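Structure first, commentary second.
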Amino acid sequence: MTDDRQKAAILDAVHTASNNWQIAFNSGDAEACASYYEENAVMHARPFGTFTGTREIEGFWQKIIDDGFCDVEYIEPKIEAIDETSAILTSSWKMNKAGGVIHKELWVLQSDGTAKLREDDFEAKM
């Protein structure tokens, strides 16, 4: 693949995965949310803490969903390819009970052509 085609492929995969993650969250499906993370992913959820691995990450999202948070929407997301297999997403976000900033979502292209989160660093403001 040419560099432009590789860049387009990673940007497309991240856009699709990010949109699908938002649909999963808004559907109240914490298991599906966690499936968009690599097995050993690290999530820094300020001010809640750091969660490592899909099991801990799923538990975090399940608690957030159980506490009535829903309707997440990214506001002017920016996706930048950093190499042929990864990209960083930054954005503001809002939902029914909170809002905040995504400082860094590091998405990595998987062998099947999909993208998954390796690092997630966001901040919530109630």
Scope region 104-119; condition touching a residue at least 40 places away in the same chain (Cβ under 8 Å) and either in a strand (DSSP E or B) or buried (at least 17 other Cβ atoms within 10 Å of the Cβ) (or both); matching residues: E105, W107, V108, L109, A115, K116, L117, R118, E119
Identify all residues within region 63-77 that are part of a helix (DSSP H, G or I) and either open to solvent by less than 30 Å² (accessible area, probe 1.4 Å) or in contact with a helix residue (DSSP H, G or I) (Cβ under 7 Å, 6 or more places away or on another chain) (or both); write none if there are none. I64, I65
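Among F60, F51, F122, which is the only one that is aromatic (F, W, Y), touching a residue at least 40 places away in the same chain (Cβ under 8 Å) and either in a strand (DSSP E or B) or in contact with a strand residue (DSSP E or B) (Cβ under 7 Å, 6 or more places away or on another chain) (or both)?
Sole residue among the options that is aromatic (F, W, Y), touching a residue at least 40 places away in the same chain (Cβ under 8 Å) and either in a strand (DSSP E or B) or in contact with a strand residue (DSSP E or B) (Cβ under 7 Å, 6 or more places away or on another chain) (or both): F122.
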Could you pull out the residue among N19, N40 that is touching a helix residue (DSSP H, G or I) at 6+ places or on another chain (Cβ under 9 Å) and outside any loop (DSSP other than H, G, I, E, B)? N40
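Free of Cβ contacts under 8 Å to residues at least 24 places away in the same chain and out of contact with any Phe, Trp or Tyr (no Cβ under 7 Å at 6 or more places or on another chain): does that describe I75?
So I75 fails the test.
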Selection count, region 78-100, where residues are surrounded by fewer than 17 Cβ atoms within 10 Å (Cβ to Cβ), touching a strand residue (DSSP E or B) at 6+ places or on another chain (Cβ under 7 Å) and more than 19 Å from I57 (Cβ to Cβ): 7
Tell me, please, whether a residue that is closer than 18 Å to A124 by Cα and surrounded by fewer than 17 Cβ atoms within 10 Å (Cβ to Cβ) can be found in region 39-46. yes
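The values are calculated or read from the model by the stated rules, or taken from the named source; none is laboratory data. Treat the numbers as computed from the prediction; the structure is a model and nothing was measured. No Cβ is skipped: glycine too gets one built from the backbone with ideal geometry, and neighbour counts run over all protein chains shown. Each accessible area value is taken on the protein alone, full model and side chains, heavy atoms only, with ligands, DNA and RNA left out. Shrake-Rupley method; radii C 1.70, N 1.55, O 1.52, S 1.80 Å.
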